[in-house]
Amino acid sequence: MFFRDPWVLFIILIFIPCFGAISFIAFKKQRYLANKLGFSLELGFSSILRRTVFASVIVSLLALGLAQPRLPTTQSVPIRSDTQIAFLFDVSVSMAGSKEPNPCIAAEGPCNIPEDAMLRIDRTKRIIKDVMGSLGIVSVAAYGFSNKIVWQMPFTYSPQLELLDNGLTAGSLQAACDNREMCTNWWMALLAATKEFDPNKKNKIIVLLTDGDSEAFLDEGTNQTLKRLNIKVFSVSIGNNSERIWLYDDNGNTTGYYPKPLPVKDDVLRFVAENSGGRFFTENEADGLAPAILANIGSYTQATLITSRGDLVLSRIFFFAAMVALMLFVLRYVVGVRFTFRKGSLSNKK
């Protein structure tokens, strides 16, 4: 056991002798005064000692609680040290599409965005968060891409999911592109992501989330690289062909939508996934993504055990014991005490 604030324990060393001395001096003065007035004081030294010990126990328990005692604990946690999974998500302008306009843009108070008004990019991030939370302790990374790939979260066993909401939004990388109309190349993003994997890992997986629209529709060189490095692609097509990028005025009211269509290219995404040994999913089938990945990398019986250290905080136990002791003290020496006066004596009846 160790204490986070051990200096609080000095209260015990200071209180007990001081309280004992004060109680003894007060008792002597009371007895002297009673004798001088001709009274008999029945409250004896043993009773004073009991109360001093009782009070000391209460203060000691409180001091121990304030010192925050802790017991170091360890546990073995299984991690998939043989696996790396990279989530590659599209942040091009087309990912700003949705089925319906967002009524919350014009809302003055709190507003929940309807499912049909959620942007493709927001639905994509939700899928990533759900899947990461279902994979257990495994090394994961997240990359956003449009005409280039950008680190959003490097490989880690402890993903900070809030990082997905920082910075990268639909169209956020388009400024570096000469032609906004043709500014997505997920084949190039796949090739760039392959360089981030540890070649010694047994299981290497890329989860590609995009509407499939790309400057290049087939890159045999990337396909060969994926096979050579034994990297499997699990692709998810986001959206459908009826979605639009909605336009709003300064008050948040819908004025129409961007005329360019937002096609979803399921066939190419299916090809790259199945050709690499992975699987293809539509957005509506995304619930099956995590189970498919887990089935591909194998069970946790192959996992490496690491030691996780922590502390078991005992403060509440000592505080509870102090409260019980204080209640007993009050019941015994406050509520249960009656003072009566009779000629020639001052008695304390319990």
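A few notes on this one:
- Residues Ser214, Ser237, sorted so that the one with the fewest Cβ neighbours within 10 Å comes first: Ser214, Ser237
- Order of Met132, Met95 - criterion: other Cβ atoms within 10 Å of each residue's Cβ, fewest first: Met132, Met95
- Residue-by-residue Karplus 3J(HN,Hα) for region 273-285, coefficients 6.51, -1.76, 1.60, Hz, glycine and proline x: 5, 5, 5, 8, x, x, 9, 10, 9, 7, 4, 5, 9
- One decimal place: the segment Asp116-Asp267 gains 52.0 nm when fully extended, by the rule 0.36 nm per residue minus the C-alpha distance.
- Sorting 133-140, 119-126, 108-115 by average packing, meaning the other beta carbons within 10 Å per residue, from highest down gives 119-126, 133-140, 108-115.
- Calculated FRET efficiency for the pair Asp287/Gln160, C-beta based, R₀ 30 Å, to 0.05: 0.80
- Near the amide H of Leu247, within less than 5 Å, lie the amide hydrogens of Thr255, Gly256, Tyr257, Tyr258, all on another chain or at least 5 residues away, with H placed in the peptide plane.
- Rounded to whole numbers, the Karplus 3J(HN,Hα) couplings from phi for region 108-116 are 8, x, x, 8, 9, 5, x, 4, 6 Hz, using 6.51 cos²θ - 1.76 cosθ + 1.60 with θ = phi - 60°, and x at Gly and Pro.
- Ranked Ile206, Ile25, Ile231, criterion: other C-beta atoms within 10 Å, fewest first: Ile25, Ile231, Ile206
- Positive-end residue of Leu289, Leu226, Ile245, charge dipole of region 76-306 with Cβ unit charges: Leu226
- Size of region 76-306 from its Cα atoms: along the principal axes, largest to smallest, the extents are 56, 41, 29 Å.
- Region 68-141 shape via C-alpha gyration tensor axes, a/c threshold 1.5: oblate
- Note that region 149-155 has calculated 3J(HN,Hα) couplings of 9, 10, 4, 10, 7, x, 4 Hz, one per residue in order, obtained from phi through the Karplus relation 6.51 cos²θ - 1.76 cosθ + 1.60 (θ = phi - 60°); glycine and proline are x.
- Extension gain from Tyr32 to Lys99, taking 0.36 nm per residue of separation minus the Cα-Cα distance: 14.9 nm
- Between Gly239 and Glu283, the built amide H atoms are under 5 Å apart, and every one of these is 5 or more places off in sequence or on another chain.
- Pairwise centroid distance, computed over Cα atoms, of region 115-162 with region 182-246, Å: 14 Å
- Leu135 long-range amide H proximity, modeled H, under 5 Å: none
Only the coordinates and a few stated rules stand behind these numbers; no lab work does. It should be emphasised that the depicted structure is a prediction, and the values quoted were computed from it without experimental measurement. Cβ sites come from the backbone with ideal geometry, for glycine too, and all protein chains shown count toward neighbours.
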